[in-house]
Structures are given as C-alpha cells and as structure tokens.
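**Student:** Next up is a structure, given as structure tokens.
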Amino acid sequence: MDKQKFISTLKRRLARLPRAEASERANFYSEMIDDRIEEGLSEREAVAEIGSIDKIVAQIRAERVPRGAAGGFRTARKMRGWEIAVMIIGSPVWIPLLLAAAAVILALYAAMWVPVVALWAVELPFFIMAFISKYLLIGCVQATRLALTLTKKGAALLGRRSNG
Amino acid sequence: MDIQLKRGLLDVCVLAAIQNEESYGYKIIKDVAPYVKLSESTLYTILKRLELASMLTVRTAEHGGRLRKYYRITNAGRGRIEDFKEEWREVMAIYKFVIKEDSENG
C-alpha cells in the first residue's frame, strides 16, 4: 500500500473518534512513515513496517475500553438466584409501571392521529351532503318530469273536452 | 508481563530516550528497539499520557519540507526516572534475595 492510501484508509477507519484525535493520530503515522522514508526505506516498506490498519484500530479500541469490560460492552450473564427473587417480589411495582409506560406510549401514538381524524371528520359531512344532494337532485328531476307529464296529459284532456 | 507493569516500564523507557536531548517519534522507537519493541500505536499513547502528566513538552518544527513533532523531557519527567531507579533498586535487592534462597536450597 502506498502512503496516501494508508493514511486515507486510516482516517476513514478512525472516523468514529473525535475529529481532533483522529487527525492527530493520522498525522503521527504520516510523520512516522516519512521518517522511515528519510532513513532510506521505500514508501511501501515504510508503510509495511508501520503494520496493519486492523491492528492499529484494534489497539485503539482496546485502549478506550474500561478495564474489565471485555469488548466494550457487558456480555449477558446468567441471573443469580437473589436477582430472580428480587424481580418476583418487586413485580407488583415494576409490572404496573411497565403497563403504565406502555399505556402512555399508546396514548401518545393515538394522539398523533387526532388531528388527522379531526380533518377527516370535517370532510365527512361534506361527502355525505354531496352524496345525499346527488340523489335529491335526481329525485327532483324525476318529480319535475312527472309533473310535466301530468300537466301535458291534463292539458290534453281539457283540450278534447273543449273540442268535443 | 503484567500489563500495568509493562505500561509503567514503557513510559520510563520513552522518558529515558529523551532525557539527554530532545527527540522525535521514529528516533525514540529506534533508540528503544534493542531493549523493547515499541509499536507506533503504543508510542502514540505513551507520548500522549506523558504529555498529559506534564512529563514532557511537545513542539512542532519544520524538517525537510514537512512538519515533525519534537519531545523534550521536563523536570517532572526526570523525577519519574529517579523514582523508577529507586523502586528498582529495591526490586533488585529482593530479586537477589530470592535467587540466593533458591540457589541455597537447590
């Protein structure tokens, strides 16, 4: 690997660190590589001597972990007898609390829907009105037609009487 | 070797490497190499720790068209070296006793 690639890869792998620290570490390695090149090593040899980026990252991770907590997080362990007993005895306390918490979460979720429902509630009467209006309109039209027909028939009857 | 012990020893090693004159990263590694192998990562951490403990100072200077960090020991750093020598005089005395007892019985 050449120096540019090594340093840029290293910076990428250290992205999770605070920016100042990551940059400081990268500069440190860059300096180390340059010093080796000055001594006569080729760029590739210098980078190779520094070692693998995986090892560097692993070492940094190992340093940041507080002693005694392997891997940076506590691994699950079997519960001791007294811990189980406390859990059971304490259940009248934590079970209702848990249920209350769940109820609060559900209520909050339902509350999110309230404005949506309210908006649709306003829309609904308009939809119903439109629906009813359509049929009222049809009914009116039919009634008017019927009235017209009757009027025509009535007029015809009257006409025949006066003529006959 | 016990990790804590090794860490303390390496700290003093680095201090000793800069006790006579100012030095820089790669030179420290080379000077210490005949006695103990020091990786870049380890050295970085040690230098940071010693700087935080005010046992050395850091300055950046131009060298060959690039920047290089130089580390210089402080009085506190020299004090640490003296403490180390004192501790290990005692360790050596006990070690001699253990060896002597061992050889008398063996």
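Derivation of every value follows stated rules applied to the coordinates shown; laboratory data play no part. From a predicted model like this one, the values you see are computed outputs, not experimental measurements. When we count neighbours, we look across all protein chains shown, and the Cβ atoms used for this are built from the backbone with ideal geometry, even at glycine.
**Student:** What percentage of all Cα-Cα pairs in the protein assembly as shown are separated by more than 28 Å?
**Tutor:** Of all Cα-Cα pairs in the protein assembly as shown, 66 percent lie more than 28 Å apart.
**Student:** Residue farthest toward the positive end of the dipole of the range B:15-106, with Cβ of Lys/Arg at +1 and Asp/Glu at -1: which of B:SER23, B:ILE99, B:GLY65?
**Tutor:** Selected residue: B:GLY65.
**Student:** Still on this structure: With +1 on the Cβ of every Lys and Arg and -1 on the Cβ of every Asp and Glu, and nothing else charged, how large is the dipole of the protein assembly as shown about its Cα centre, in debye rounded to the nearest 20?
**Tutor:** I would put it at about 2740 debye.
**Student:** What Rg and what Dmax come out for chain B when only alpha-carbon atoms are used, in angstroms?
**Tutor:** 16.8, 64
**Student:** Run the helix sum for chain A: -39,500 (n - 2.57) per DSSP H stretch of 4+ residues, divided by residue count, reported at 222 nm to the nearest 500 deg cm²/dmol.
**Tutor:** -28500 deg cm²/dmol
**Student:** Based solely on its DSSP helices, what 222 nm [θ] is calculated for chain B when runs of n ≥ 4 H residues each add -39,500 (n - 2.57) and the sum is averaged over all residues, nearest 500 deg cm²/dmol?
**Tutor:** Only helices count here, giving -21000 deg cm²/dmol.
**Student:** Please list the non-local residues whose amide H lies under 5 Å from the amide H of B:THR74, H modeled 1.01 Å from N, same-chain partners needing a gap of 5 or more.
**Tutor:** B:LEU56, B:THR57
**Student:** Farthest toward the dipole's positive end in the protein assembly as shown, which of A:ALA58, B:THR74, A:LEU106, given Cβ charges of +1 (Lys, Arg) and -1 (Asp, Glu) about the Cα centre?
**Tutor:** A:LEU106
**Student:** Continuing with this model, one more query. Provide A:LEU106, B:LEU10, A:LEU41, B:LEU50 in ascending order of the number of other Cβ atoms located within 10 Å of each residue's Cβ, fewest first.
**Tutor:** A:LEU106, A:LEU41, B:LEU10, B:LEU50
**Student:** Which angle between 0 and 90 degrees, to the nearest 10, do you get for helix A:91-163 versus the longest principal axis of chain A when only C-alpha atoms count?
**Tutor:** Approximately 30 degrees, to the nearest 10.
**Student:** Starting with the fewest neighbours, write out B:LYS6, B:LYS48 ranked by other beta-carbon atoms found within 10 Å of each beta-carbon.
**Tutor:** Listing B:LYS6, B:LYS48 from fewest to most nearby Cβ atoms yields B:LYS6, B:LYS48.
**Student:** On a full-extension model of 0.36 nm per residue, what is the gain between A:PHE131 and A:TRP113, subtracting their alpha-carbon distance, rounded to one decimal in nm?
**Tutor:** Extra length from A:PHE131 to A:TRP113 when fully extended: 3.9 nm.
**Student:** Longer than 30 Å from Cα to Cα, which of A:LYS5/B:LYS48; B:LYS30/B:LYS100; B:LYS6/B:LYS96; A:LYS11/B:LYS85 are they? Say none if no pair is.
**Tutor:** From A:LYS5/B:LYS48; B:LYS30/B:LYS100; B:LYS6/B:LYS96; A:LYS11/B:LYS85, over 30 Å: B:LYS30/B:LYS100; A:LYS11/B:LYS85.
**Student:** Charges at C-beta only: +1 for Lys and Arg, -1 for Asp and Glu. How large is the resulting dipole of the range A:1-71 about its Cα centre, in Debye rounded to 20?
**Tutor:** 680
**Student:** Suppose every Lys and Arg Cβ carries +1 and every Asp and Glu Cβ carries -1, with no other charges. What dipole size does chain B come out with about its Cα centre, to the nearest 20 debye?
**Tutor:** In total the dipole reaches around 600 debye.
**Student:** Treating the angle as unsigned and between 0 and 90°, give the value, to the nearest 10°, between the Cα long axis of helix B:3-17 and the longest Cα principal axis of chain B.
**Tutor:** So the inclination is approximately 60 degrees.
**Student:** Could you derive backbone 3J(HN,Hα) for the range B:93-98 from the dihedral phi with the Karplus parameters 6.51, -1.76 and 1.60 (θ = phi - 60°), listing whole Hz in sequence and x where the residue is Gly or Pro?
**Tutor:** Each residue of the range B:93-98 in turn: 4, 5, 4, 4, 4, 4 Hz.
**Student:** Using the count of nearby Cβ atoms within 10 Å as a rough guide to exposure, how do A:THR144, B:THR74 rank from fewest to most?
**Tutor:** The fewest-first ordering by Cβ neighbours comes to A:THR144, B:THR74.
**Student:** If you line up the long axis of helix A:53-64 against the longest principal axis of chain A, both from Cα atoms, how many degrees apart are they, to the nearest 10?
**Tutor:** Around 90 degrees separate the two axes.
**Student:** Shape call for the range B:62-106 from the C-alpha gyration tensor, a ≥ b ≥ c root eigenvalues: rounded (a/c under 1.5), prolate (a/b greater than b/c) or oblate?
**Tutor:** oblate
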